[in-house]
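Nothing in this text is a laboratory measurement; each read-out follows from the coordinates by a stated rule. What you see is a predicted model; the values in this text were computed from it and never measured. As a convention, Cβ positions derive from the backbone with ideal geometry for all residues, glycine included, and neighbour counts pool all protein chains shown.
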Amino acid sequence: MKYTGPTYRPPYEANSLLLQVTAGCTHNKCTFCTMYKDIKFSIESLEQIEKDLKEAQAFCGDVKRVFLVNGDAFVLSANRLKPIAELIIQHFPNVEVITMYASINNIKSKTDKELEELRDLRINDLWIGTETGHEQTLEYLNKGFSLRDSYEQLERLNKAGVRHIDILIFGGAGKGKGIENAIANAKLINASKSLGVSITTMGAFGESRLAEDVEKGIFVPATELEVLEEQKKMIELIDVETIYLGIHGINTVTFDAQLPKDREKAIELVDTAISKMDDDFLNSVPERHSI
Ligand code: SF4
C-alpha cells in the first residue's frame, strides 16, 4: 500500500482499510495543526489506487469499511471521488461505508445532486472538522469557513442523507471561555443531527501558530479543570440523539456514550475523575503531544 508522509485516521477507523487518495491537506493553515506541515498536497492516481486495492484484496479479506486518507480527502471533486468509490466496490463488493475527513468547504464545493450520488456510492459517515460552534474561536482557529457555513453545510449533508461525525476541540476557546464554548458547541450539535460528535482536546505543540501564540501570551490555554467542566457542560446540554465519541488519546477522561441516554453516567465519570485529581494537576495545563 502506498502512503505518503504521515497518515492520520480517527481512532474509530482502526479496523478500516486505509486507502490513500490524497497526500497532505489543501488548507494546511489551521492555527493548531502541524499534521501535514511538510507535505505538499497531491492527488493519488487512479492507477495507484487500483494497485493498492488489488494488494489489499490479497490480505484484507472481506472489507466492510474503507477510510480514504489524508487530511481533507473530501476536497476531491465528485468526478474524482465517483470512480474511486466504483473501484472500491468492484474490488470489495461488500463494502458498506467509504469514509474520510472532510472540511465544511469540501461540502460547499459539491452540489446537492453530487452529495446524493456520492452517498449512493456508499460514501458516508464523513468526519467533519467543525472544531467549534463558537464564532470567535472558529475565526481564531483559521479553518477558512464561517460558523454560518457549518450550520448550512451540515444541513445540506442531512438533506442528502449523508451521515456525519462532527469533530470538536475542548479547550479550543482558551482560558475562561470553556463554558461559552460548551454552550456554543452543544447548540451546533443539537442543530446538526450528527451521527456522532468526536472529541479532541486543544494542545499547543510543534511549530504551530498556536504554540507561538501561547509562547507570546496571545492565547492562554484552559486549565485541566476548565476543560473537564467544559466537557460536562456540553454533555449536559446536548439534547439530540448522537454518539459521544471521546476515546481519543489526547483527552484526559476518555469514554464513549450514547447521548442523551447516558448523560448522567457520562457526567458522573467526569466528576469521579475530577475528584481523584489533585489541585495542582487540575489547575495546570497538561502537555499534550498529538492530535
Ligand atoms: S486541521 Fe485538518 S484542515 Fe486544518 S490544517 Fe490540519 S489537516 Fe488541514
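Starting from the Kirkwood radius over alpha-carbon pairs of segment 1-124, derive D by Stokes-Einstein at 4 °C in a medium of 1.567 mPa s and give it in µm² s⁻¹.
Numbers: Rh = 14.7 Å.
After rounding, the answer is 88 µm²/s.
Taking a cut-off of 26 Å between Cα atoms, list the lysines near K2, but don't count ones fewer than 8 places away on the same chain.
Hits, sequence-local ones excluded: K29, K37, K40, K51, K54, K64, K82.
Counting only Cα, what are the radius of gyration and maximum Cα-Cα distance Dmax of segment 82-185, in Å?
Every Cα atom of segment 82-185 included, Rg and Dmax give 15.7, 52 Å.
Got a sec? Charge dipole of the chain, +1 on Cβ for Lys and Arg, -1 for Asp and Glu; which of M202, P286, A191 is way out at the positive end?
It is A191, whose Cα lies furthest towards the positive end.
At 4 °C and 1.567 mPa s, grab the translational diffusion coefficient of segment 139-214 from Stokes-Einstein with a Kirkwood Rh over Cα pairs, rounded to a whole number in µm² per second. Could the numbers behind the result be given before it?
Details: Rh = 13.7 Å.
Taking Rh from Cα pairs, D becomes 94 µm²/s.
As a check on your grasp of the helix formula, calculate [θ] at 222 nm for the chain: sum -39500 (n - 2.57) over DSSP H runs of n ≥ 4, divide by the residue count, round to the nearest 500.
On the way: 11 runs with 119 residues, N = 291.
The helix-only estimate for the chain comes to -12500 deg cm²/dmol at 222 nm.
Which value, in Å³ per residue, describes the convex hull spanned by the Cα atoms of the chain?
Numbers: hull volume 35.7 nm³, N = 291.
Taking only Cα atoms, the chain has a hull volume of 123 Å³ per residue.
Spin-label point model (7 Å from Cα, Cβ direction): what's the E86 to V240 distance in nm?
Spacing of the two 7 Å Cα→Cβ label points: 3.4 nm.
Taking loop as defined by DSSP and a crowding limit of 13 other beta carbons within 10 Å, which GluC sites (Glu not before Pro) in segment 187-240 fit?
Values: sites: E207, E212, E215, E224, E226, E229, E230, E236; in loops: E207.
Of the GluC sites (Glu not before Pro), the ones in loops of segment 187-240 whose Cβ has at most 13 other Cβ atoms within 10 Å are E207.
List the trypsin sites (Lys or Arg not before Pro) within segment 209-291 that DSSP assigns to loop and that have no more than 13 neighbouring Cβ atoms inside 10 Å.
On the way: sites: R209, K216, K232, K233, K261, R263, K265, K276, R288; in loops: K261, R288.
Of the trypsin sites (Lys or Arg not before Pro), the ones in loops of segment 209-291 whose Cβ has at most 13 other Cβ atoms within 10 Å are K261.
What percentages make up the Cα-Cα pair-distance distribution of segment 112-260 when the bins are 5 Å wide from 0?
In whole percents, the pair-distance histogram is 2, 10, 19, 22, 20, 14, 8, 5, 2, 0.
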